[in-house]
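The values are calculated or read from the model by the stated rules, or taken from the named source; none is laboratory data. Quick caveat: nothing in here was measured; it's all calculated off a predicted structure. Neighbour counts run over all protein chains shown; Cβ positions are idealised from the backbone, glycine included. Heads up: the accessible areas ignore ligands, DNA and RNA and are worked out on the full protein's heavy atoms, side chains in. Shrake-Rupley method; radii C 1.70, N 1.55, O 1.52, S 1.80 Å.
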Amino acid sequence: MTFAAGGMESFVQDLKYGLRSLRKAPGFTAVAVLALALGIGANTVLFSVISFSLLRPVPFPDPDRLVIVNQTAPSFSNSSCAWLNYLDWKAQVAPLFTHFAAERRDSFNLTGAGGEPERVLGRMATSELLPQLGIQPVLGRLYGPEEDKPGAPRTVLLSHGLWQRRFGGDPAVVGSSIQLSGDSYTVLGVLPRDLRFLSGGDVWVPLGLFAERYQDRGINPGIYVFGRLAPGVSVQRANDALNQAMRRIAETAPDMKGEGVRARLFSEDQVEGSRPALLVLWGAVAFVLLIAAANVANLLLSRAAARQQEIAVRVALGAGRLRIVRQLLTESVLLSFAGALLGTLLAWLALGALSPLLANLPRGKDVRLDALALAFTVGVALVTGVGFGIYPAVRASNPHIHTLLKEVRAAGAHARLRGALIVAEVALSMMLLVGAGLTLRSFARLTRVDPGFDAAHLLTTQIALPAARYRDGASITKFLQELRRRVALVPGVESAAVAAGMPILGTADTSYAFEGLEPPDRNQWAHASIYPVTAGYFETLRIPLIHGRYFTEADRGRDVAIIDDRMARRAFGNADPVGRRMAGNQPFMAPLEIVGVVGHVENYSLDGKGPVDSGYYVEHDRLGKLFPQFAVQAILAVRTAGDPMTLAAAVRRTVQEIDPLQPVYSQQSMEQVVSDSMSDRRLMLLLLGIFAVVALLLASVGIYGVMSYSVEQRTREIGIRMALGAERAAVLRMILGQGTRLAAVGIAVGLLGAFALSRLMSRFLYGISATDPSTYALLALLLAAVAVAACLLPASRAVKVDPVIALRAE
């Protein structure tokens, strides 16, 4: 007890002494705390993002056995599957799974229920899905197998959010009926508030109700399969069994030849796309922390040298070396925890500011500062405090009292260490600058990409015409014609058209071949995006015509197609394809006469990345005639004279005038659509840019601190040189040369490091090489200029040294 009390008393004494010591040096303390706050705060931000997005298990029972099953093809590595394939897989691999469920995302028109018509997001899921994920309703019950089949009474589950928003949280909603896309559904229950990975579904309905729609294996309706592996079954074993099942399917269904299956853990599937970028960013913030730690270590070395007499007196009075090391480490840890406290505040503010950009990451909406992030911050503060403080503390605790009292400085060793730290700071800063510079130039080039259409003054409005009320092609055509006619009369509207898909917003993909050029095997047909559009579409989007003509009103329902120039060049070279015929694996593709060639538009994103890189257009009215059992998804494109969003309300009113029960949704300008498509790159650019600027500032402060200390330590030498007739310019060159040599070495090491890491960066760049020499050269010059600027103030002080005062001080 006595020992413990003595140890606690000693610790309290160290703590009080450390606080007094830091309070007496406010400038040093402020610079050190701010540097550490920037480094620790940045790491806390990235740890919070990575913790929620990558590290935490999915919030379902036994997440290590939950898999997602995708269909694959020679041109698609990861796709949804056909309903009949799901049924066959389920029958053939049942012993390997405890549950095998399917779901499809859709949306419904919700009408009545005491509110305006609105489009609600929906999930169509088999009855096994929610139980296998351990989800139980907060009110009512889940639907069962008896309700998950064709012809069963229509039932629905409500999300907690929709229940609160639309029904006021009334428990009596269970058992009542609601109208979804013109059909009546009985509400069975209300789902929990937080479904996390299953968010985005306002209503849940049995997928089996609609099974009769999905009886063609050649049509992929966007069904995704989830399975829970039986105990002892590996993912690889399940993969092998599923691919064997697929090969058996292909024996009786030739369209499935060459198709495969890919099963993988659901947790891996969720983070596959975002993991590389997040890990690169975390590497960047680790660099920032290392730069900050090196900076503070340099400050502590300088401070330790200035405190030599104080430490010598303490040693002379009997203080042991261990006690002095402990005292100095206490001060460095205090600095680190003060930096961590300020860094936590900065991290909290940063996460709030970044929340809109984080929303696209897995569980990005959940990211926040929680207990785990705070524990990480405390750990980083402790490791950093001890790590950057240990050497200065050990060095300052030199027990050779006579050396300390005589103030004989071990300048060589100190100078070499401080120089090495500066080189490390500059090198890490150079690597961050190159990463940020390449990302900036890549983003700039991406913003200048021509998407193939004119996004300015273009409003998009999405509509879904329910099959229950629009039962045939004639009724669909009548509604869309009337909509286009009335919208065109709205003041400020220049033109309007309708499509089932839009560039960047997305559309369907399908296979195709040209008559006379068909591969012998249908599975080798090429793939492209397909856009069902009405007359006026190309004029409204201002997609240029290259050969032939656009669609006209006379083409309504005809077997005609327009292809883009990329598809035309690939198949016909410089020949004109107008008049040729093409066929495909969809009912509306057999056969079609090509009447025009238009410019290529970017189907998925401005960088051109996606499963297909060309597209073609068919006449929109064919959809309603061929698939009357589906709700027709339509996007109304409106070319306006001014700001398109000012006409959004007028377009919405026009739809309501034609059909009071028809909601509209996702009204946005195409400029916003294009901007949103770059949100992931914008987030990476913003974070890398911030980290690079912070690193540059820290490196400049570090160079300034070392050069200031060097001038202070060499005051006598400078005085002697000037007393012996040295020119001020020579002294200036000497001081500048010392700093710039360190910076030059750091820049060279940083350039080599950036080159070595170029392969990591290449996947995030567009239109620029990860080893672009001009970027490397410009940023090296920038860092060199900053280094020279950081050396100038200490150097200018050096040339103002009065030789008499300098010699007298010694």
If you take the residues of segment 645-656 that are touching a Gly at 6+ places or on another chain (Cβ under 9 Å) and surrounded by 14 or more Cβ atoms within 10 Å (Cβ to Cβ), which of them is farthest from residue 442 (Cα to Cα)? 650
Can you name the residue in segment 154-184 that is in contact with a helix residue (DSSP H, G or I) (Cβ under 7 Å, 6 or more places away or on another chain) and not hydrophobic (A, V, I, L, M, F, W, C) and, of all such residues, is surrounded by the most Cβ atoms within 10 Å (Cβ to Cβ)? 155
Every residue from segment 136-180 that is aliphatic (A, V, I, L, M), touching a residue at least 40 places away in the same chain (Cβ under 8 Å) and in contact with a Phe, Trp or Tyr (Cβ under 6 Å, 6 or more places away or on another chain): 156, 157, 178, 180
How many residues are modelled with pLDDT of 80 or more and open to solvent by less than 30 Å² (accessible area, probe 1.4 Å) if we restrict to segment 185-215? 17
Inside segment 512-567, can you point out the residues that are of a type in the set (Lys, Arg) and either assigned to a helix (DSSP H, G or I) or under 14 Å from residue 592 (Cα atoms) (or both)? 522, 556, 558, 566
Residue in segment 754-772 that is open to solvent by 60 Å² or more (accessible area, probe 1.4 Å), among the aromatic types (Phe, Trp, Tyr) and at pLDDT 85 or above present: yes
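Looking at this structure, is residue 508 surrounded by fewer than 19 Cβ atoms within 10 Å (Cβ to Cβ) and either farther than 30 Å from residue 285 by Cα or of a type outside the set (Gly, Ala, Ser) (or both)? Please lay out each step first, then the result.
Values: surrounded by fewer than 19 Cβ atoms within 10 Å (Cβ to Cβ): yes; either farther than 30 Å from residue 285 by Cα or of a type outside the set (Gly, Ala, Ser) (or both): yes.
Yes, satisfied.
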Taking residue 158 as meeting all but one of (1) under 30 Å from residue 57 (Cα atoms); (2) at pLDDT below 90; (3) not polar (S, T, N, Q), write down the number of the exception. (2)
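Given the options 737, 746, name the one that is surrounded by fewer than 20 Cβ atoms within 10 Å (Cβ to Cβ) and among the small types (Gly, Ala, Ser).
Working: 746 fails: surrounded by fewer than 20 Cβ atoms within 10 Å (Cβ to Cβ).
Exactly one residue qualifies, and that residue is 737.
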Any idea how many residues of segment 514-533 are closer than 24 Å to residue 222 by Cβ and at pLDDT 85 or above? 6
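Among the residues of segment 588-622, which ones are of a type in the set (A, V, I, L, M), closer than 23 Å to residue 514 by Cα and either modelled with pLDDT of 85 or more or touching a helix residue (DSSP H, G or I) at 6+ places or on another chain (Cβ under 7 Å) (or both)?
Keep residues of segment 588-622 that are of a type in the set (A, V, I, L, M), which gives 589-590, 592, 594-595, 597-598, 601, 606, 612, 618.
From what's left, closer than 23 Å to residue 514 by Cα: 589-590, 592, 594-595, 597-598, 601, 612, 618.
592, 594, 595, 597, 598, 601, 618, listed by residue number.
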Would you confirm, using the coordinates I've provided, whether residue 725 is at pLDDT below 85 and open to solvent by 50 Å² or more (accessible area, probe 1.4 Å)? yes
Members of segment 456-483 found to be in a loop (DSSP other than H, G, I, E, B) and surrounded by fewer than 20 Cβ atoms within 10 Å (Cβ to Cβ), listed by number: 456, 457, 468, 469, 471, 472
Given the conditions (1) open to solvent by 30 Å² or more (accessible area, probe 1.4 Å); (2) aliphatic (A, V, I, L, M); (3) modelled with pLDDT of 80 or more, report the number of the one that residue 12 does not fulfil. (3)
Report yes if some residue within segment 216-233 is open to solvent by less than 40 Å² (accessible area, probe 1.4 Å) and part of a helix (DSSP H, G or I); otherwise report no. no
Across segment 657-689, the tally of residues that are among the polar types (S, T, N, Q) and open to solvent by 50 Å² or more (accessible area, probe 1.4 Å) stands at 2
Just a yes or no: is a residue in segment 105-125 farther than 16 Å from residue 178 by Cβ, open to solvent by 20 Å² or more (accessible area, probe 1.4 Å), modelled with pLDDT under 90 and under 31 Å from the mean Cα position of the chain (by Cα)? yes
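If only one of 486, 570 is assigned to a helix (DSSP H, G or I), more than 30 Å from residue 666 (Cα to Cα) and not small (Gly, Ala, Ser), which one is it? Please lay out each step first, then the result.
Working: 486 fails: more than 30 Å from residue 666 (Cα to Cα).
That would be 570, the only listed residue that is assigned to a helix (DSSP H, G or I), more than 30 Å from residue 666 (Cα to Cα) and not small (Gly, Ala, Ser).
On the given criteria, is residue 148 of a type in the set (Asp, Glu) and under 21 Å from residue 130 (Cβ atoms)? It would help to see each step written out before you state the result.
Values: of a type in the set (Asp, Glu): yes; under 21 Å from residue 130 (Cβ atoms): yes.
Judged against the criteria, residue 148 is a match.
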Check every one of the helices (runs of 4 or more DSSP H) wholly within segment 307-421 and list those with 1 or more residues that are modelled with pLDDT of 75 or more. 321-358, 371-396
